[in-house]
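The values are calculated or read from the model by the stated rules, or taken from the named source; none is laboratory data. None of the values given here were measured: they were computed from a predicted structure. When we count neighbours, we look across all protein chains shown, and the Cβ atoms used for this are built from the backbone with ideal geometry, even at glycine. For the accessible areas, the whole protein counts, side chains as well, though only heavy atoms, and no ligand, DNA or RNA atoms are used. Shrake-Rupley method; radii C 1.70, N 1.55, O 1.52, S 1.80 Å.
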Amino acid sequence: MAENRPTDPLGEIYAEWTVEFTAAPDMSLPVLRWVFEDWQRATAEPEDVTYRSTSIGGVPGILVTPLEADRERVLLVLHGGGFALGSSASHRKMAGHLAKAAGSSAFVADFRLAPEQPYPAQLDDADAVIDALIADGIAAEAITPVGDSAGASIAIATVLRRLQRGAALPGRVATISPWVDMENSGETIETNDATDFLIAREGLQGNIDRYLSGGASPTDPLVNPLYADFTGFPPLFLTASDAESLYADAVRLAERAARDGVDVTFETVSGEQHVWPLQAGRHAAADTSIRRIAEWVRATSSTRVSA
């Protein structure tokens, strides 16, 4: 982590966490999970949005409904946290801002966490939500998986797996600060260490070990989409900050998908922290990115419906 002073709410939170992690290097996983619930502190409460704890396809979570939402369009929000941390509570407010901007409802899924439930439990849960939404009358085209960090990996891999087995595909996939390289090899892990207040190689490896504790290979295409064949994948949106340790993951993911003919939109922001849209309502760059993702969701929805 850098020693520069953070100038944004999320950077301040990450800096506080790092002090605690340094003071307690053997912090237990339950305590880490409590710490990461603090993510929501960066996000302002959106107006005119309601929340309901429920389950879809047997997967618990929070249903997010803006006042004027089109309930026939659903964002499936898959939270970050290294497959082991984070929750619907930590991400519900960001989901509220995004759903409101996109004019849709959202479901923030509490998929099962590693290491208690390693890969592929997370994909199974995301898959179950999509199947249940379709069974309930939501068109597959109207479903948009949205994942940040590790949640981006889950979103992408779930759709890749559906593609492989010929299942109905969501209309598009949006990712924020995607983490997809389970070989932990991205060059910006080192080169951006001074500007990223949260991510370090050791922490990434700890989460990889938890996620793959069931024996999966770090080069399995559904574990590491950098090895995947994206032919036939729906439109893909990526946004990442050039200050993030995981920036190289986004760059390589965009290149990999584009090579296979995917309609890729890749937007880079400058100097922001990992998953900066969590600062929605409190930070201009976060609000801009939320608006840009929502505009893309609306635009790709209109294009594909009319095609």
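Mind telling me which of the residues Leu160, Leu238 ends up being in contact with a helix residue (DSSP H, G or I) (Cβ under 8 Å, 6 or more places away or on another chain) and farther than 22 Å from Asp125 by Cα?
Leu238
Pull up the range 242-267, narrow it to residues that are buried (at least 18 other Cβ atoms within 10 Å of the Cβ) and of a type in the set (Gly, Ala, Ser), then point me to the one that is farthest from Ala200 (Cα to Cα).
Result: Ala257.
Every residue in the range 9-29 that is surrounded by 15 or more Cβ atoms within 10 Å (Cβ to Cβ) and polar (S, T, N, Q), please.
Thr18 - this is the single residue of the range 9-29 that is surrounded by 15 or more Cβ atoms within 10 Å (Cβ to Cβ) and polar (S, T, N, Q).
On the basis of being in a loop (DSSP other than H, G, I, E, B) and among the acidic types (Asp, Glu), does Asp229 make the cut?
So Asp229 passes the test.
Which members of the range 224-241 meet the condition of being open to solvent by 10 Å² or more (accessible area, probe 1.4 Å) and within 24 Å of Gln273 (Cβ to Cβ)?
Result: Leu226, single match.
Of the residues Gly166, Gly206, Gly214, Gly147, only one is modelled with pLDDT of 95 or more, surrounded by fewer than 21 Cβ atoms within 10 Å (Cβ to Cβ), of a type in the set (Gly, Ala, Ser) and within 19 Å of the chain's Cα centre (by Cα); which?
Gly206
Hey, can you tell me all the residues within the range 214-256 that are within 16 Å of Thr158 (Cα to Cα) and charged (D, E, K, R)?
Scanning the range 214-256 gives Asp220, Asp229.
For the range 42-71: of the residues being part of a loop (DSSP other than H, G, I, E, B), among the small types (Gly, Ala, Ser) and in contact (Cβ under 8 Å) with a residue 40 or more places away in the chain, which is nearest to Ala84 (Cα to Cα)?
Gly58
Does any residue in the range 129-158 that is over 18 Å from Gly61 (Cα atoms) come within less than 6 Å, Cβ to Cβ, of a residue that is modelled with pLDDT of 95 or more and among the charged types (D, E, K, R) six or more places away or on a different chain, and which pairs are these?
The qualifying pairs are Ala142/Glu72; Ala142/Arg73.
Can you tell me which condition Val77 does not meet? The list is (1) under 30 Å from Thr7 (Cα atoms); (2) surrounded by fewer than 17 Cβ atoms within 10 Å (Cβ to Cβ); (3) of a type in the set (Val, Ile, Thr), and all the others hold.
Status for Val77: all satisfied but (2).
Within the group Val49, Val64, which residue is touching a Pro at 6+ places or on another chain (Cβ under 6 Å) and buried (at least 17 other Cβ atoms within 10 Å of the Cβ)?
Exactly one of Val49, Val64 is touching a Pro at 6+ places or on another chain (Cβ under 6 Å) and buried (at least 17 other Cβ atoms within 10 Å of the Cβ), namely Val49.
Every residue in the range 50-86 that is within 20 Å of Ile134 (Cα to Cα), under 18 Å from the mean Cα position of the chain (by Cα) and not small (Gly, Ala, Ser), please.
Result: Val59, Pro60, Ile62, Leu63, Val64, Val74, Leu75, Leu76, Val77, Leu78.
Between a residue in the range 24-41 that is on the phi > 0 side of the Ramachandran plot and modelled with pLDDT under 95 and any residue that is open to solvent by less than 60 Å² (accessible area, probe 1.4 Å) and assigned to a helix (DSSP H, G or I), which pairs come within a Cβ distance under 6 Å, given they are 6 or more apart or on different chains?
So the pair list comes out empty.
Please identify the pairs in which a residue from the range 183-201 that is on the phi > 0 side of the Ramachandran plot has its Cβ atom under 9 Å from the Cβ atom of a residue that is open to solvent by 30 Å² or more (accessible area, probe 1.4 Å) and of a type outside the set (Asp, Glu), counting only partners at least 6 apart or on another chain.
Taking only residues 6 or more apart or on different chains, the pairs are Asn184/Arg201; Asn184/Gln205; Asn184/Pro218.
Looking at Ala248, Ala257, Ala294, which is the one that is over 16 Å from Ser149 (Cβ atoms), in contact (Cβ under 8 Å) with a residue 40 or more places away in the chain, of a type in the set (A, V, I, L, M) and assigned to a helix (DSSP H, G or I)?
Ala294
Taking the residues in the range 112-144 that are open to solvent by less than 50 Å² (accessible area, probe 1.4 Å) and among the β-branched types (Val, Ile, Thr) as candidates, determine which candidate is farthest from Ser88 (Cα to Cα).
Going through the qualifying residues, I end up with Ile138.
With the structure loaded, tell me whether Arg52 is modelled with pLDDT of 95 or more and closer than 29 Å to Arg291 by Cβ or whether it fails that test.
yes
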